[in-house]
Amino acid sequence: MTVTSSSPERAELARKQASLVRALVGQAPVPAGFDATRVQFYGQSLVEKRIGGVALVWTRLVAALGKNYAPLFREYAKRFPHPRWGHGLVDGLAFARWLDRAGLLPDDGHLEKLGVEIRSRLDARGQLVPRSGFAFRALLLHKPRRLVLAIKIPWIGEKWLAFSRPGA
Amino acid sequence: VDRIPRLGLGCAWRGQLADALARRTSIEFIELHAENWFAAETPAANDPLPESIEQLKMRGAIVVPHSVTLDLGGAAGPDPRRLDMLAELAERVGAPLVSDHVCFVRGGGLEAGHLLPLPRTRESLAILVENIAEAKDRLPVPLAIENIASVFQWPENEMDEATFIAEALERTDSLLLLDLANVVCNEKNHGWDPIAFLDKLPLERLAYIHMAGGFVQDGIAIDSHSDPVWKRALDLLEEVSARIEPNGAMLERDDNYAAFGEADLNRELDGIAAAMARGAARRRAGSSVRLEGSHDGHVLLPRAR
């Protein structure tokens with residue numbers, strides 16, 4: 001069988017499905033004929049589902065953010081829809097990067113993000129794929145003040161080093 | 001209809017439940033959330049399977065990959081890359097079948113992040129049927145399709161959901177994954193009659209059953225898999241088991257693990273087994289169906305007169 005044809009029926013369905021998804025993620029009004037309250041309710045529950053999915057994987061980040069986690073994630077979700085590929089791990093990485101840019105990423109979040117980034121990278125499609133080669137990251141943390149180095153060497157593994165200023 | 005082995009009593013495998021599942025000897029099959037084992041989600045996708053899964057497999061448990069992102073009802077058609085990853089996973093775990101939902105999950109370049117209801121029109125059904133046929137062509141094992149829970153409906157619906165699913169099953173010669181928690185949610189959210197829903201489905205195509213619990217918020221039932229299995233879903237499982245012998249039934253638990261210890265998991269699985277046993281007893285007694293409804297000859301046992 002050939003790969004899915006493009007028929008007028010498919011084009012029409014694509015248009016309808018796109019407007020519904022846009023409404024669910026808050027980028028467009030609810031299309032006519034739908035129960036708007038229900039669609040908005042469901043849109044909110046989709047964000048709550050992302051909050052739960054990220055929390056299952058990004059345990060250190062979420063613990064460090066505490067009660068601020070859910071409100072911060074809802075802010076992030078307004079501008080960042082669900083990732084094209086993957087779910088909790090990839091969504092959480094984008095969330096951690098957003099927090100980092102805003103200066104809101106706690107030290108434990110930095111460390112968890114570093115672990116994900118040294119082992120994997122996002123490819124051009126937005127898929128998280130394992131890093132095959134050598135990787136090196138340095139991170140300056142504040143509480144307590146220390147320098148963390150992470151090195152990944154093919155076939156050998158990962159080495160993490162932390163340096164704190166004596167007496168600090 | 002595709003032949004698949006008996007699945008028996010099962011559970012969705014999750015890291016949080018791994019040890020308890022490995023200790024329970026009566027687990028006959030587990031379902032893997034397929035995307036968790038796709039390279040696209042986790043760089044560890046190609047690592048060896050966790051010890052708990054290997055142990056279950058060694059004891060003879062069957063592994064079924066369950067996907068949520070094929071987009072079987074999507075206008076664009078299922079993504080061949082996702083199909084190939086699902087096919088690879090099925091071969092890797094020796095699965096006798098795979099499953100996904102009667103729904104769509106993306107549109108306009110955006111992922112919804114969950115399952116969305118389809119408009120139940122003739123046109124949309126034709127596209128669903130084409131998509132499922134395309135998916136089946138690329139998969140090495142039979143495909144089961146599942147009914148979803150929904151919170152809202154499309155205004156242009158021309159038929160009820162059971163008719164829509166039954167027709168997709170027949171036209172694509174697929175298997176049914178019946179989610180009874182979703183039937184319960186849809187009863188609460190839309191007032192659909194669960195017995196009429198069961199009456200319209202070709203139960204001889206039933207591959208296995210999903211059981212779960214959720215919560216009600218603002219009068220809307222949410223299929224969150226976060227709470228004990230709905231009592232109503234257990235009653236429906238008994239009802240299905242009074243009509244036919246289900247090939248398999250399993251628990252899905254995805255949240256609120258802090259309140260879900262090993263004893264809770266075992267109680268939930270025992271509850272599922274007990275509901276099937278009650279239905280089987282009714283079936284053997286020959287007084288199977290106590291509820292009204294019409295059938296089209298697929299029922300294996302006589303109805304009560």
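Just so you know, all these numbers are worked out from the coordinates, no wet-lab data involved. In this text the structure is predicted, and so the values were computed from the model without any measurement. Note that we place each Cβ from the backbone using ideal geometry, even for glycine, and neighbour counts take in every protein chain shown.
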Estimated FRET transfer efficiency (residue B:54, residue A:28; beta-carbon r; R0 56 Å; 0.05): 0.75
Nonlocal amide H pairs with residue B:221, under 5 Å, H built at 1.01 Å: B:189
³J(HN,Hα), Karplus 6.51/-1.76/1.60, whole Hz, each residue of the stretch B:210-220, x for Gly, Pro: 9, 10, 7, x, x, 9, 10, 10, 6, x, 10
Two-site FRET efficiency, residue B:84 against residue B:235, from Cβ-Cβ distance with R₀ of 30 Å, rounded to 0.05: 0.15
Cα gyration tensor, the stretch A:82-168 - rounded (a/c under 1.5), prolate or oblate: oblate
Additional length obtainable on full extension of the chain from residue A:48 to residue A:145, 0.36 nm per residue less Cα span: 31.5 nm
Cα centroid separation - the stretch A:99-157 against the stretch B:204-219, whole Å: 39
In the stretch A:110-168, the chymotrypsin sites (Phe, Trp or Tyr not before Pro) that fall in loop regions by DSSP, at most 13 other Cβ within 10 Å: A:134, A:155
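Whats the longest run of chain B with zero GluC sites (Glu not before Pro) that are DSSP loop and have at most 12 other Cβ atoms within 10 Å? Intermediate results must be reported in sequence, preceding the final value.
Working: sites that count: B:156, B:292.
Excluding the exposed sites themselves, the longest stretch runs over B:1-155.
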Residue B:25 paired with residue A:162, simple spin-label distance in nm, labels 7 Å along Cα-to-beta-carbon: 4.5
Residue with peak Gaussian network fluctuation, chain A [Cα springs, cutoff 10 Å], from A:75, A:48, A:117: A:75
Integer Hz, Karplus 6.51/-1.76/1.60 couplings in order for the stretch B:141-154, x for Gly and Pro: 9, x, 10, 10, 10, 10, 6, 9, 8, 9, 9, 9, 10, 7
Net charge, residue B:250 excluded, C-beta distance under 14 Å - Lys, Arg +1, Asp, Glu -1: -4
Lysine pairs meeting the criterion (Cα under 23 Å, 8 or more apart or interchain), as found in the protein assembly as shown: 16
Cβ-based exposure ranking for B:99, A:7, A:19, in which fewest neighbours within 10 Å come first: A:7, A:19, B:99
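Which whole-number percent is the relative contact order of chain B (Cα, under 8 Å, 6+ apart)? Display every interim value, and only then the final one.
Working: 594 pairs, mean separation 47.7, N = 305.
Over chain B, the number comes to 16 percent.
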For chain A, built as a Gaussian network whose Cα springs stay under 10 Å, the top-fluctuating residue of A:52, A:103, A:33: A:33
Residue B:151 long-range amide H proximity, modeled H, under 5 Å: none
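So what is the calculated 222 nm ellipticity per residue for the protein assembly as shown, using -39500 (n - 2.57) for each DSSP H run with n of 4 or more, over all residues, to the nearest 500 deg cm²/dmol?
Values: 15 runs with 196 residues, N = 473.
Here the helix-only value at 222 nm equals -13000 deg cm²/dmol.
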Net charge dipole size for the stretch B:83-199 [Lys, Arg +1 and Asp, Glu -1 on Cβ; Debye, nearest 20]: 220
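Shape call for chain B from the C-alpha gyration tensor, a ≥ b ≥ c root eigenvalues: rounded (a/c under 1.5), prolate (a/b greater than b/c) or oblate? Provide the component values of the computation, followed by the final result.
Values: a/c = 1.38, a/b = 1.05, b/c = 1.32.
It comes out rounded by the Cα gyration axes.
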Amide hydrogen neighbours beyond the local backbone of residue B:106, cut-off 5 Å, H modeled: B:112
Antiparallel bridges, percent of DSSP beta bridges restricted to chain B (to nearest 5): 20
Cβ charges +1 (Lys, Arg) and -1 (Asp, Glu), total dipole of the stretch B:19-118, debye: 200
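First check a/c for chain A, with a ≥ b ≥ c the square roots of the eigenvalues of its C-alpha gyration tensor; if it is under 1.5, answer rounded, and if not, answer prolate when a/b is larger than b/c or oblate otherwise. Could the numbers behind the result be given before it?
Numbers: a/c = 3.80, a/b = 1.74, b/c = 2.18.
Note, shape of chain A comes out oblate.
What helices in chain A pass both tests, a Cα length along the helix axis of 27 Å or more and a mean Kyte hydropathy of 0.0 or higher, using whole DSSP H runs? Don't jump to the answer; show the numbers that get you there.
Numbers: long enough: A:36-57 (32 Å, 0.36).
Helix filter hits for chain A: A:36-57.
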Inter-centroid distance (Cα atoms) of the stretch B:126-193 relative to the stretch A:37-53, Å: 22
In order through the stretch B:110-120: 3J(HN,Hα) via Karplus (6.51 cos²θ - 1.76 cosθ + 1.60), integer Hz, x for Gly, Pro: 10, 8, 6, x, 7, 8, 10, x, 8, x, 8
For residue A:59, net neighbour charge (Lys/Arg +1, Asp/Glu -1) across residues whose Cβ lies under 15 Å away: -2
